[in-house]
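The values are calculated or read from the model by the stated rules, or taken from the named source; none is laboratory data. Fair warning: this is a prediction, and the values are worked out from it, not measured in the lab. Reconstructed Cβ throughout: ideal geometry from the backbone, glycine too, with neighbour counts over all protein chains shown.
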Amino acid sequence: MSFRQFRFISIVCSLICFHWCVSITAAEKTEVKRPNILLITADNLGYGDLGCYGNRVMKTPVLDQLATEGIRLTDFYTASPTCTVSRATLLTGRYPQRIGLNHQLSADENYGDGLRKSEVLIPQYLKPLGYRTACFGKWNVGFSPGSRPTERGFDEFFGFAAGNIDYYHHYYAGRHDLWRGLKEVFVEGYSTDLFADAACQYIATKSDQPFFIYLPFNAPHFPSKRNKQPGQGDEWQAPDRAFEKYGYDPKTRNPQERYRAVVTALDSAIGRVLKQLDESGLRDNTIVIWYSDNGAFMLKDRGLEVASNKPLRDGGVTLWEGGIRVPAIIRYPGQLKAGTVSQSQLISLDILPTLVTLAGGELPAGRILDGQDMLPLLKAQAESEPRTFFFEYRNFSAVRRGKYKLLRVKPDQPFMLFDLEQDLSETMDLAEQRPQLVKELQQAYAEWEREVAEEQ
């Protein structure tokens, strides 16, 4: 063989090899699928209400197992300590002061505009990226024409407009409140099970498109007399099987026992949804994000002390840790190390940028988002530079930066300072010992107030 022939054969072989390598790379790229997204929220569940967060009585085997399969977050915050605002900020990725909604919608307001229509919600980012989208459960951010889920990016909706409903009769403030799309529907069943079943059916539907399911359960929201039928007791509601798991009589009048049954019924419903992922072969390509919309309410003399935010102080509608630090778990097979615990400081505002980035989209250049993609930090399992979170609700104001938290309970009172690494229950005010730090955090809060006010 001549040198010229050898060189020709070598070139041909190289071209074949290059073409083969490019083909493999292209094939690998086509095999990379955008993940399905399952975003689940509980309603007023306490930081100390799960076994994996230290509760030795509550039976929550599904969520405890989910924590072993993913990452359990210890320092995850909700952007607001109340239902309406926490959901509005989750869906927009923006502080309540920036979106102009920082109060709980009243009975009448639930059927009004609520969250202004100019705000862009998670499904509106994901649909152009090829996602099919569904919401099953509690809406609570406005239900006037143009404000309803199927008018704001969701292909399907089955749930209720208001802040809470009777679990079996589906009434809120004397008004029946259960909808499928834009149509009121009358369906029998326990609301937790109804929403879980709807999610299961959606997951089981064959499609070439990835899905985004927003599954905001109304459990374990506390009972309310205004939602009950004549002669119906004002008590926590759960199926008999949930009581039986504790050996309780389903007719028990003990509010602690009844609350536990509600939480366990929620845990079981989530289990059915996760099982459907497995049966549909979608587990490995689905990111599951679960958290509580805000802390458990600890309002005295209303029978709400049955929930637990331990070891945190106080609860919902306050800016003590019990109101805004919530249990959260993320499972993403093959991407996040299973069975780990992360102390990274994260916030519900991070969810929107995380999902948009994960879906292959670009974050908007002309709209301020207040969160960041969580996955790089969670994958690295390393601490980043301390982040700063701001909170303002009713008379409360707060700043979290690193291990320190600045808190004021009324505008005319001084700020307090807590070291959350040493004093998670917020019992020791360090403001007099660290006046310079208090000044720095106060200045940061004032600058944030001015910045968000300018956007209104």
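So here's what we get for this one:
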read-out	value
Residue in segment 353-365 that is charged (D, E, K, R) and either in contact (Cβ under 8 Å) with a residue 60 or more places away in the chain or closer than 23 Å to LYS59 by Cα (or both) present	no
Pairs with Cβ under 8 Å, 6+ apart, first in segment 219-230 and closer than 21 Å to MET298 by Cβ, second modelled with pLDDT under 90	PHE222/ARG302; PHE222/GLY303; PHE222/LEU304; PRO223/ASP234; SER224/ASP234; LYS225/ASP234
Pair list, Cβ < 8 Å and 6+ apart or interchain, from segment 175-187 residues that are at pLDDT 95 or above to residues that are among the hydroxyl-bearing types (Ser, Thr, Tyr) and surrounded by 11 or more Cβ atoms within 10 Å (Cβ to Cβ)	ASP177/TYR171; GLY181/THR150; LEU182/THR150
Extreme residue, farthest from LEU66 (Cα to Cα), among residues of segment 259-285 that are surrounded by fewer than 24 Cβ atoms within 10 Å (Cβ to Cβ) and of a type in the set (D, E, K, R)	GLU279
Which listed residue is in a helix (DSSP H, G or I) and either outside the structural domain of LEU39 (by TED's automatic domain parsing) or more than 22 Å from the chain's Cα centre (by Cα) (or both), from PRO128, PRO145	PRO128
Condition met for VAL85 (within 23 Å of PHE154 (Cα to Cα), assigned by TED's automatic domain parsing to the domain that holds ILE40, of a type in the set (Val, Ile, Thr) and modelled with pLDDT of 95 or more)	yes
Hey, THR92 buried (at least 24 other Cβ atoms within 10 Å of the Cβ), more than 11 Å from PRO327 (Cα to Cα), touching a residue at least 24 places away in the same chain (Cβ under 8 Å) and in contact with a Leu (Cβ under 9 Å, 6 or more places away or on another chain) or not	yes
Count of residues meeting criterion [in contact with a strand residue (DSSP E or B) (Cβ under 7 Å, 6 or more places away or on another chain), of a type in the set (S, T, N, Q) and more than 22 Å from SER425 (Cα to Cα)] in segment 299-354	1
Selection status of LEU424, under 21 Å from the mean Cα position of the chain (by Cα) and touching a residue at least 24 places away in the same chain (Cβ under 8 Å)	no
Filter pass, LYS225 being exposed (fewer than 15 other Cβ atoms within 10 Å of the Cβ), at pLDDT below 95 and not aliphatic (A, V, I, L, M)	yes
Scan of segment 146-177 for residues that are of a type in the set (A, V, I, L, M, F, W, C), surrounded by 20 or more Cβ atoms within 10 Å (Cβ to Cβ) and within 26 Å of ALA238 (Cβ to Cβ), ordered by number	PHE157, PHE158, PHE160, ALA161, ALA162, ILE165
Conditions (1) loosely packed, with under 14 Cβ neighbours inside 10 Å; (2) within 30 Å of ILE368 (Cα to Cα); number of the one not met by TRP448	(1)
